Structure formats: C-alpha cells, structure tokens
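Take a look at the structure set out below.
The values are calculated or read from the model by the stated rules, or taken from the named source; none is laboratory data. What you are looking at is a predicted structure, and each value in this text was computed from that prediction instead of being measured. Ideal geometry is used to build each Cβ from the backbone, glycine not excepted, and the neighbour counts take in all protein chains shown. These accessible areas exclude ligands, DNA and RNA; they are computed on the full protein's heavy atoms, side chains included. Shrake-Rupley method; radii C 1.70, N 1.55, O 1.52, S 1.80 Å.
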Amino acid sequence: HPMSAEDNKALIRRWLRMGEQGFTGDFNEFFTPDYRGHLSGEQPQSLIDLMAVERGFAAAFSNIAYNVEELLAVGDTEWSSGSKLVPPIPVDFTVSRLPLARSRSPGS
C-alpha cells in the first residue's frame, strides 16, 4: 500500500539516525535491491555504491549529527534541508545539499 507523507517523513528520520550511528544498519529497510541513485553528471549509483559512499563518509566523520531544518513530503517525494554537524577539524568546509528522494510503492 502507498505510504503516507508522515510515514515517508518517519522513514527519512530513521535513515538520518542510522547515519549518525555509522550506517551500520540494514540498507534494505530503506531501499530495494534494484536501487539506482542519480547524481548530477555521474553514472547511476547502485545500492552497493550507496552503501560504500555513506559508510565511508560516516567512518571519516564518526561523530556526525544531522540537524533537519525542514522536511516536506508530498505524495511519493520527500525534500529535506538541513546540515551535517561534525566535530571541529583544522580546515573550514561546508557541506550543504538538498536531498530529493522519490519512493515508489511496489508495483507502481
């Protein structure tokens, strides 16, 4: 059955909590095995690629916390804005993005 907007928001919040714990959880709770991610100018990303990227980032910034400023869900699409908060490091840098996730119910 289709997920409600509130279900989708809860899913995104669980994903971010998993990220704060180093992405050691089960990615299959969030993605189907045939997942394909699309980043501007890059080849489609498989679920295995996503796992490697997210776990690599989490290993590099092991004390990360996510601050969600806005989370909007309409139909099968979620938008979120916020920031990744990391411990002080000896260089200045900014990580900002507007993730857009689109989920589909099985069979749609």
Mind checking which residues of segment 44-61 are among the small types (Gly, Ala, Ser) and within 13 Å of Gln21 (Cα to Cα)?
Gly56, Ala58, Ala59, Ala60
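Could you list, in sequence order, all residues of segment 20-48 that are of a type in the set (A, V, I, L, M, F, W, C) and assigned to a helix (DSSP H, G or I)? Give the derivation first.
Going residue by residue through segment 20-48, those that are of a type in the set (A, V, I, L, M, F, W, C) are 23, 27, 30-31, 39, 47-48.
Those that are of a type in the set (A, V, I, L, M, F, W, C) and assigned to a helix (DSSP H, G or I): Phe27, Leu47, Ile48.
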Looking only at residues in segment 24-49 that are among the aromatic types (Phe, Trp, Tyr) and without any contact (Cβ under 8 Å) to a residue 24 or more places away in the chain, which one is farthest from Glu69 (Cα to Cα)?
Tyr35
Residues of segment 53-68 satisfying the condition of being in contact with a Leu (Cβ under 9 Å, 6 or more places away or on another chain) and hydrophobic (A, V, I, L, M, F, W, C)
Ile64, Ala65, Val68
Can you find a residue that is open to solvent by 70 Å² or more (accessible area, probe 1.4 Å), in a loop (DSSP other than H, G, I, E, B), modelled with pLDDT of 70 or more and polar (S, T, N, Q) anywhere in segment 49-62?
yes
Pick from segment 5-23, criterion free of Cβ contacts under 8 Å to residues at least 40 places away in the same chain and over 12 Å from the mean Cα position of the chain (by Cα), ranking: most open to solvent (accessible area, probe 1.4 Å):
Gln21
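Here is a yes/no grid of residues against (1) surrounded by 13 or more Cβ atoms within 10 Å (Cβ to Cβ); (2) under 13 Å from the mean Cα position of the chain (by Cα); (3) at pLDDT 85 or above:
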{"site": "Gly37", "(1), (2), (3)": "yes, yes, no"}
{"site": "Tyr66", "(1), (2), (3)": "yes, yes, no"}
{"site": "Glu70", "(1), (2), (3)": "no, no, no"}
{"site": "Val86", "(1), (2), (3)": "yes, no, no"}
{"site": "Pro90", "(1), (2), (3)": "no, no, no"}
